[in-house]
Each structure stands twice: as structure tokens, then as C-alpha cells.
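Enquirer: The following block contains the structure, expressed as C-alpha cells.
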Amino acid sequence: MYNYIKGDSDATSFALYPSDVLLYYDYSLVPQSSCRSYFEQLADADFTVFSSDLSYKRTALFDNARSCLGITTTNLTKDNIIVLGNMCCSVDGSYIENSDPSILETLKNCPDLTTSQASAAQSLLLSGETPYGATSTWDQQTLQDLGMLPLYMTSTFYAKFDKKTKRKFLKYFLKVLKSNGVSRQKRRTMKKQIRKSNRKNSKRSIESECTSGTITHVAISKETFPFDYDDVTQFNCCLSAATVKGNLEELTEKVDDEEFLAIILFKLHEAYPDTTIPEDQVQMLGPASRVATASHISKWRITEVDTLYALMDSSDGDWDTSLAKAVISNYLSNAGNALGSAELNTIGGANLCALDVDVLKNISAQSLKEANALDVSTCTTEKKEELFTIAIQAFTTTTRSTTVPLTTYQLTAAYLGGSTSAYIQSLVNSNVSMDVPTFTTLNESIVTDLTVSNVQGLLGSNVADLKSYENQTVVKAWTRSRLQSDLDTMSLGLTGGRATTSTTTPNPTTATTVSSSASSSASPTSSVATTSSSPTSSVATTPSQQPHQ
């Protein structure tokens, strides 16, 4: 959006534009006298919109903000925090720990916190020098008033609360987390820290019989289950295979700890010792499927696409590559099953990359055409090339034109990482205005063969973004492959190109002078300085003979 408005006459009036657009604003256009106003306008921006390639922009913005506001230490004042707003979600932990406690109110609204930031926030809270008071005064209301911060706290923090308080809070907080779409992985981490705080002052149980209460359907139905089973040994002793068989869906819905999930999976297989796990049970494995081994998977019945869909649910966590392959191969081993559009949408790009090239070759052009665009960035070059070949068959319309229709380009864009040099060249004159993130997915060897003119034609209106991505691997490789003088013609400030000219200077220790007789008989325009006959000898030409670069 910023690329479209930056040339407008009022582009320097940053108050006219949405805060997210201001993330890309050319800070050099902001007068020093009004820089505070600029950062106040930026305060509500979503700083997570920057991709990893552009993360340096967050650092640059904070550096400019420090300069503008006169911040010289890691101690942010209350006023600094108000002006910075959401930028506080990007600061290093040292700033959080040393700043005015009001920074905690901003951190509550951050989409995520790093380990360093969470640790600093916890240290600030434990200091007792915040509006939340000394730890001895904390109660359930304190936990609720902290917003989303408890999601990131460790067992050291939770040890300040008694078990009854934590149980009540967990009942409330789990509903909040689900309504906010917080990932299962984050919920798992938090619950693990709470359980750790429960058993901090007691030794792990070594008993071989259940003393914490047999796990029944009633126990499982409680909202905070398995809160009262903070000991993995007791969970194992109190849970029977029959209970798992009859309550699998409820168990995998509430249990997140990997040790506990492993016990559930073990007891499920124990319930079916001589047969494969029925399809309806496999569909309810949820996160327990992620702790399986290849041996487990070989005993699962996976014949329906609904079962494959349930197993591929990304909310249950990522699959190990080899295990994803095992699950999909299990499904494909059944007669009549293939990688159709429904299967492709279910599997997704990352898991599709786990399959062998020979398997990918069986995907029909029609199936790929009817499927959603797949992110195949994790595939090997060979696999990307195979998928691109299929994509071309799926989306190319018969035409005599040497240019590629915009719709065809848009449909094949997801698979361009495996494209040929000829196809990329056909896009140069097709007015597709490829965005730079797509450009960076292209095969590096193809990109480095592109001339400056090629890249300008390929990127079109997006060519200015190359400067923002100049440190990205593919872009950097391309700039190194071009003459700096050619890069300069783009007026983007790109550097790192090859020198325009190069001159080879003879080694002074081996250079000799041509004899006067030979020199006098030679044509003035062809005189040379010779060197010894060493294999590494060089010839230095006169200025009139310098090679053109």
C-alpha cells in the first residue's frame, strides 16, 4: 500500500495513513520537529506484519524512536511507553525489566512474547514494585488482572499461588485462551509450568499403584482435568486401557503434556493388542498422534480421507517429516486412494514435501488445479521442479502468445520455486509485477542469470522493494552477479555488485623488459610487457588494449 502512495504530494502527511502503512514510511521524510507525532501515529501498528526478511526494520524504527525521544538508557519512562505503544512488544528484555511498570499493561496486548521478554516481565512482577503489589498479596484476581501474561510465566511465578487458586484460575483462563485462539502448544507449555509448580516441594511419586484417584469418565469431564494428576507416574497408574478406549476424544481434547499423551497412546494400543486401531479411534487421536512412532502408525487403519484430515490437523502440532510420510503412505496403500484435490488440501504443502518424488509424480494436473495453493517452500529442488511441471500442465491455457497471462502467473506463483529459466524469462515481458517475496523463492541459479533489465521487467511496480530485501539470500546473490554500474541505473541504492572494470597487474618480481631490438621492430600499437614463462604469468596490455567490461 505504501508503494502506491509514496509518490503522492501529501505522502509526507503521515497522519493521513493507517498505522500499519506507516511501518514502511520513509523516516527521512519525517521532520525532526514532528518525529514524536509520527511515533504516536505508529503506536497502534501491528509490528508482526514484517516478515523475517524485513525484521531489521523493527530495529531501525526503534533506533529512530530512541533518537527522537532522547532515550539513552534501557529505562523507558511512562511517557516513552505511551508514545512507543505496540513497539514495546519488540523491545529487548532488558528494557522491560528496567522500565516503568506501566510497560506491563502494553505487554498484555502483545500477540506474542519471546522467552527473554517473558522472563523480564516475570522478574518485574516478582520485584513487587508494580501495581500488582508484593507476591504475598497475590490471589486469583491478580492472575486474572494480568491478562494474557500468565500464559508466559514459569513455575517460579506459579509457586506463589496455592493449588486451589491455580485450579480456579485455570478453569477460567482456559476458556479465555480458547476464545482467543491460542495455540495448543502455548497452552501445553503453560499447563506444564503449573504442574511443575505443584510438585516443586514434593518428590515425584514412585508408587506402582493409584493413590490420586482412579481416572474415570466423571474425572475426565472436569474442566481442569488433568490438573490434579501433576505426577506422570500417578497418571499412568490411575488410567486404564479400557478408560482410554471409551473416552479417547475427551482425553486428547484436555491432555497436552507429551508424557501424558504418550501414556494415552500406549494404553490405546494396549486395548487393541491383536488388531489394528479402528478408524473411528484413529480420528480421535488428536495431539496424541504426534508422539507416535512409525511402528504405531503401521497399526492404524487409515482408509478414509476424513481420517487423514483428522491426523493432519495443524492445531495438534507439526509432524516429524518421516512420520508424516508414514501416515500418508498408510493412506495411499489402500486400493483406490490417491493424492486428489481433497487429499492435497488435507495434507498441505509442508507434509506433501515429506513424500518421495516418485509419489509426487502421481499427482494429476486436474487434482492440483482443483486444490488450494500449496506452500512447497520446504521441498527439495527436485520436488519443487516436479510440482512446477504439474502446475504448468494444470494452469497453462493453449495460446500462441509468448507472454504469460496474469491469471496463469497468479495460479502458478506458489510453485515457481521449481520453475525453469525459460518460464521466468517468459514472465519478464508479461507485465506480472512479481512481488519480491515470490522473487526470493526462485531458484538462485536462475535468478543470478537475470539482467537488471530482466528483473525490472519481472518485478514491475514492485522493483523498489529490492532495497528492503537486499540482505535476503537470493537478492544478495543476484546483486553480486551484476555489475555495480548496472545496479546504479536502477537508482535504488543497491550495493554489492561487481566492479565495472578490472585490471590485471603483472607480478613485479617476474616482469622483464623486451629487448631494444625487439622493441624497435615492433609496431608502436602492439608493444607489450612480457613476463616469465611461469604458468601463472600474466600479460599487461596498454591502456588502448584494456578489455571492455
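Enquirer: Return the only residue of ALA350, ALA326 being open to solvent by 20 Å² or more (accessible area, probe 1.4 Å), at pLDDT below 95 and under 19 Å from THR378 (Cβ atoms).
Expert: On the way: ALA326 fails: at pLDDT below 95.
After ruling out the rest, the residue left standing is ALA350.
Enquirer: Looking at the stretch 422-451, which of its residues are aliphatic (A, V, I, L, M), assigned to a helix (DSSP H, G or I) and under 23 Å from GLY7 (Cα atoms)? Spell out the reasoning first.
Expert: Step one: of the stretch 422-451, the residues aliphatic (A, V, I, L, M) are 422, 424, 427-428, 432, 434, 436, 442, 446-447, 450.
When the remaining residues are screened for being assigned to a helix (DSSP H, G or I), the result is 422, 424, 427-428, 436, 446-447.
Correct list: VAL436 only.
Enquirer: Moving on to the next point. Using the structure shown, decide if GLU270 is within 26 Å of SER208 (Cα to Cα), more than 27 Å from the chain's Cα centre (by Cα), in a helix (DSSP H, G or I) and among the acidic types (Asp, Glu). Break it down stepwise before answering.
Expert: Details: within 26 Å of SER208 (Cα to Cα): yes; more than 27 Å from the chain's Cα centre (by Cα): yes; in a helix (DSSP H, G or I): yes; among the acidic types (Asp, Glu): yes.
Answer is yes for this residue.
Enquirer: May I ask you to list the residues in the stretch 216-255 that are assigned to a helix (DSSP H, G or I), open to solvent by 40 Å² or more (accessible area, probe 1.4 Å) and in contact with a helix residue (DSSP H, G or I) (Cβ under 9 Å, 6 or more places away or on another chain)?
Expert: HIS217, SER221, ASN236, ALA242, LYS245, GLY246, GLU249, GLU250, GLU253, LYS254 - these are the residues of the stretch 216-255 that are assigned to a helix (DSSP H, G or I), open to solvent by 40 Å² or more (accessible area, probe 1.4 Å) and in contact with a helix residue (DSSP H, G or I) (Cβ under 9 Å, 6 or more places away or on another chain).
Enquirer: Among (1) part of a helix (DSSP H, G or I); (2) among the small types (Gly, Ala, Ser); (3) open to solvent by 60 Å² or more (accessible area, probe 1.4 Å); (4) modelled with pLDDT under 95, which single condition is ALA464 missing?
Expert: Of the numbered conditions (1) part of a helix (DSSP H, G or I); (2) among the small types (Gly, Ala, Ser); (3) open to solvent by 60 Å² or more (accessible area, probe 1.4 Å); (4) modelled with pLDDT under 95, the odd one out for ALA464 is (3).
Enquirer: Within the stretch 28-44, is there a residue that is out of contact with any Asp or Glu (no Cβ under 7 Å at 6 or more places or on another chain), surrounded by 15 or more Cβ atoms within 10 Å (Cβ to Cβ), under 28 Å from THR440 (Cβ atoms) and of a type in the set (Ser, Thr, Tyr)?
Expert: Scanning the stretch 28-44 turns up no residue that is out of contact with any Asp or Glu (no Cβ under 7 Å at 6 or more places or on another chain), surrounded by 15 or more Cβ atoms within 10 Å (Cβ to Cβ), under 28 Å from THR440 (Cβ atoms) and of a type in the set (Ser, Thr, Tyr).
Enquirer: Right, here's the next one. Of a type in the set (Gly, Ala, Ser) and within 19 Å of ARG188 (Cβ to Cβ), is that true of SER240?
Expert: no
Enquirer: Can you confirm whether THR378 is part of a loop (DSSP other than H, G, I, E, B), touching a Leu at 6+ places or on another chain (Cβ under 8 Å), open to solvent by 20 Å² or more (accessible area, probe 1.4 Å) and closer than 19 Å to ASP53 by Cβ?
Expert: Numbers: part of a loop (DSSP other than H, G, I, E, B): yes; touching a Leu at 6+ places or on another chain (Cβ under 8 Å): no; open to solvent by 20 Å² or more (accessible area, probe 1.4 Å): yes; closer than 19 Å to ASP53 by Cβ: yes.
No.
Enquirer: Continuing with the same structure: Can you pull out the residues in the stretch 381-403 that are open to solvent by less than 80 Å² (accessible area, probe 1.4 Å) and either in a helix (DSSP H, G or I) or aliphatic (A, V, I, L, M) (or both)?
Expert: Selection gives THR381, LYS383, LYS384, GLU386, LEU387, PHE388, THR389, ILE390, ALA391, ILE392, ALA394, PHE395.
Enquirer: Still on this structure, I have one more. Restrict the check to the stretch 406-419 and report whether at least one residue is surrounded by 17 or more Cβ atoms within 10 Å (Cβ to Cβ), touching a Phe, Trp or Tyr at 6+ places or on another chain (Cβ under 6 Å) and part of a loop (DSSP other than H, G, I, E, B).
Expert: The answer is yes, given that some residue of the stretch 406-419 is surrounded by 17 or more Cβ atoms within 10 Å (Cβ to Cβ), touching a Phe, Trp or Tyr at 6+ places or on another chain (Cβ under 6 Å) and part of a loop (DSSP other than H, G, I, E, B).
Enquirer: Which residue is farthest from the chain's Cα centre (by Cα), if the candidates are limited to the stretch 40-76 and must be among the polar types (S, T, N, Q) and farther than 18 Å from TYR95 by Cα? Outline the logic, then answer.
Expert: Here is the first cut: in the stretch 40-76, the residues among the polar types (S, T, N, Q) are 41, 48, 51-52, 55, 59, 64, 67, 72-75.
Retained after the next criterion (residues that are farther than 18 Å from TYR95 by Cα): 41, 48, 51-52, 55.
Details: GLN41: 28, THR48: 11, SER51: 8, SER52: 7, SER55: 12 Å.
Across the stretch 40-76, the extreme among qualifying residues is GLN41.
Enquirer: Still on this structure: Do any helices (runs of 4 or more DSSP H) lying entirely in the stretch 56-139 carry at least 1 residues that are loosely packed, with under 13 Cβ neighbours inside 10 Å and in contact (Cβ under 8 Å) with a residue 40 or more places away in the chain, and which ones are they?
Expert: Details: elements: 56-69, 78-84, 93-98, 103-107, 115-126.
Per the criteria, 56-69.
Enquirer: Consider ASN454 carefully, then state whether it is in a helix (DSSP H, G or I) and either over 25 Å from LYS361 (Cα atoms) or modelled with pLDDT under 95 (or both). Spell out how you get there, then give the answer.
Expert: On the way: in a helix (DSSP H, G or I): yes; either over 25 Å from LYS361 (Cα atoms) or modelled with pLDDT under 95 (or both): yes.
Yes.
Enquirer: If you go through the stretch 256-288, how many residues are among the aromatic types (Phe, Trp, Tyr) and surrounded by fewer than 21 Cβ atoms within 10 Å (Cβ to Cβ)?
Expert: Looking only at the stretch 256-288, we keep the residues that are among the aromatic types (Phe, Trp, Tyr), and these are 260, 266, 272.
With the extra rule that they be surrounded by fewer than 21 Cβ atoms within 10 Å (Cβ to Cβ), the set shrinks to 266, 272.
Total satisfying the criteria: 2.
The values are calculated or read from the model by the stated rules, or taken from the named source; none is laboratory data. Just so it is clear, the model here is predicted, and its values are computed rather than measured. All Cβ positions, glycine included, derive from the backbone under ideal geometry; neighbour counts span all protein chains shown. Heavy atoms of the whole protein, side chains included, go into the accessibility calculation; ligands, DNA and RNA do not. Shrake-Rupley method; radii C 1.70, N 1.55, O 1.52, S 1.80 Å.
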